[in-house]
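The values are calculated or read from the model by the stated rules, or taken from the named source; none is laboratory data. Predicted, not measured: the structure shown is a model, and the values here were computed from it. Glycine also receives a Cβ, built like all others from the backbone with ideal geometry; neighbour counts cover every protein chain displayed.
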Amino acid sequence: MNLILGSGSPRRKEILNDLGYHVRCITADVTESTDQSLGLSGLSSFNARLKAEAVYTQLNDPQALVIGSDTVVWLDGIAYGKPQDHAQACRFLTELSGKTHQVGTAVAFTSAHGTTSFCEIADVTFKPLTTQDILSYIEDIPVMDKAGSYAIQDGGDRIIDHYEGEFETIMGLPKARTKEELEKIDILPNPS
């Protein structure tokens, strides 16, 4: 089985490598849905499946298993994706300041047998942030490719008060559940 990560995310690749999986990365060329009526898990699952299926189709390899993943930050029924510009990044962090929001990361597996997916959700509570806190964070941390304009693994302690759920779910790939699902279909880590 050829294991492919349908993403260019170094964070997702790192998580899979930590689990003992060697993957090749191919970025999915898709337009992600922003349909908030799908709900948090529905939206992230739709986009994860979209990415996995697009890369699988592109490969034309019946021995491939493509892993697609999508992370959505969700507050009060609103999805916060990747910011389009500096102003939107500031607005996202301002709106998340001092509040608890959800982070949903869905993972989809596409192979010759079809597509399956799951979604894990974590709760993240931000510290109350001043305008200077936000500007300083955005200046120091590359946030333009991050859902909600932040990364828990990059200076997260500066803006996050606490979280409930798996760290890697917030980072972009639920580690424990991904391993469990791969082992269910007999995809075991590479020997060291």
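Computed quantities for the displayed model
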read-out: Selection from segment 164-192 of residues that are over 14 Å from the mean Cα position of the chain (by Cα) and aliphatic (A, V, I, L, M); value: Ala176, Leu182, Ile185, Ile187, Leu188
read-out: Residues of segment 47-74 that turn out to be without any contact (Cβ under 8 Å) to a residue 24 or more places away in the chain and aromatic (Phe, Trp, Tyr), as a count; value: 0
read-out: Answer from Asp145, Asp161 - the residue that is loosely packed, with under 14 Cβ neighbours inside 10 Å, touching a residue at least 12 places away in the same chain (Cβ under 8 Å) and within 14 Å of the chain's Cα centre (by Cα); value: Asp145
read-out: Residue that is modelled with pLDDT of 95 or more, more than 12 Å from the chain's Cα centre (by Cα), under 25 Å from Ile141 (Cα atoms) and part of a strand (DSSP E or B), where the choices are Asp70, Asp123; value: Asp123
read-out: Any chance Thr110 is in a strand (DSSP E or B), in contact with a strand residue (DSSP E or B) (Cβ under 7 Å, 6 or more places away or on another chain), surrounded by 16 or more Cβ atoms within 10 Å (Cβ to Cβ) and of a type outside the set (A, V, I, L, M); value: yes
read-out: Cross-chain or 6+ apart pairs with Cβ under 9 Å, segment 114-129 first and exposed (fewer than 14 other Cβ atoms within 10 Å of the Cβ), then among the hydrophobic types (A, V, I, L, M, F, W, C) and in a strand (DSSP E or B); value: Asp123/Val103
read-out: Subset of segment 78-93 (residues that are assigned to a helix (DSSP H, G or I) and closer than 17 Å to Gly156 by Cβ); value: Ala89, Phe92, Leu93
read-out: Tyr150 being within 15 Å of the chain's Cα centre (by Cα) and crowded, with 16+ Cβ neighbours inside 10 Å; value: yes
